[in-house]
Amino acid sequence: MNDTPGWTSPGSAPSDDQDGSRVPGPAPADANGSAPQWSKDQPPAGQWSPPTGRTPAPPRPPVRGQGWGGPPPNAHWGRPPAAKPGVIPLRPLGVGEILDGAVKTLRTYWRTVLTISVTVAVITQVASILAQRYLVPAAPAANPDATPAEALEQSLDSAQASLIGLGPVLLVTLMASVACAALLTVVISRAVLGRPVSLSSAWQEARPRLLQLIGLTLLLAAMAAAVVLTGMLPGLLIGGAAGAVLLLLGGFGGLAAAAWLIVRYSLASPALMLERQGVIPSLKRSAKLVQGSWWRMCGIILLTQLLILVFSMIIAIPFAIAGIAADTDGFSGLLSGSTATFGWPFLIITGIGSVITSAITYPISAGVTVLLYVDQRIRREALDLELARAAGLPGYGPTPGDQTVGG
């Protein structure tokens, strides 16, 4: 199907003289060919009576835009306004409508959405605070007389120790984020139809897909890491100045390839949840939906992440300042680059800011992903008709039993 599905509203074509271009013809002649002999006693204009048994049509209300130099709504496209049973209109969406739909889902179903996102944010932040306090080793003392190679080796050792210490919190964060994405996908799919969903029903619907979603997330992360490491491998093997240059170029190339893969398979998660497919079929489904729209998808994803980053900074900076003011150890930890020297006041205050940030950004990010999936299916598969039928709108056939937007 084409990328812009739609339909034209029924009705007759406009008359020939609506635009004033038709020139009135001569008056009809009599049967003998002579000039018309109209009676002088014609009824006054505007006083015709309607036919018996019919009710005169009410006067047309003025259309917005007429008389002000602008056409009436939808005059250019000749189609009725799209149905909107939920948070988005059932038609191809623009960038603003996708972002607005994600925000509107958060505002409309805030009890369910915030319950999910706040719970996940609290779990991840508690795990992060405990890991930073007890698992991350202290930074080794810097040797002022170390050579550049030794300084680089010390930095790599410190970073490796920090990653090892943060391994458990990364695992907890991954599991919590996957559960959050699964639950929010179900909630947002119902919000498209204008149907609220409770936390228990969302969990019952998402729970059978969690293991596959975890596998999909790990597979995507492994693919991206393998691509980056493959690009850096020649530089690591060669070494020296030439190896450093090749390492830099290979790293950038690997990151570009990983970004291409991430965008290509960005719709695999909603495809897995809503179409109830396996991991590999979901990847193929995402690649098919993204094909031909990679740059548009990439732009929307980058814009969303940029807005999330700006919002996160707006929330995090005041809490970081408050944490530093409440705990001088936090300032010394920032200067030393080690999270092990952070005091409890600093960790708790900044953790509260992180919970607030995550509680808002999780639903926005998940909402944009699901609505991108819905938008691509509307453009390619006319999913809007199926959604209207599922929402119970008149004129689209019987309502199916399934209440999600999946196939």
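The values are calculated or read from the model by the stated rules, or taken from the named source; none is laboratory data. What you see is a predicted model, and the numbers here were worked out from it, not measured in a lab. Note that we place each Cβ from the backbone using ideal geometry, even for glycine, and neighbour counts take in every protein chain shown.
Quick notes
- Neighbours by Cβ (under 6 Å, 6+ apart or cross-chain): first from the stretch 306-320, closer than 23 Å to ILE348 by Cβ and among the hydroxyl-bearing types (Ser, Thr, Tyr); second buried (at least 17 other Cβ atoms within 10 Å of the Cβ) and modelled with pLDDT of 90 or more: SER312/THR357
- Within the stretch 304-335, if we keep just the residues that are in a helix (DSSP H, G or I), in contact with a Leu (Cβ under 9 Å, 6 or more places away or on another chain) and over 30 Å from LEU371 (Cβ atoms), the residue that is modelled with the highest pLDDT turns out to be ALA320.
- Filter result (out of contact with any Ser or Thr (no Cβ under 9 Å at 6 or more places or on another chain), among the charged types (D, E, K, R) and part of a helix (DSSP H, G or I)) within the stretch 274-303: LYS284, ARG285, LYS288, ARG296
- Residues within the stretch 106-127 that are at pLDDT 90 or above, more than 18 Å from ALA206 (Cα to Cα) and surrounded by 20 or more Cβ atoms within 10 Å (Cβ to Cβ), tallied: 2
- Test: residue in the stretch 268-278 that is more than 30 Å from LEU183 (Cβ to Cβ), at pLDDT below 95 and not basic (Lys, Arg): no
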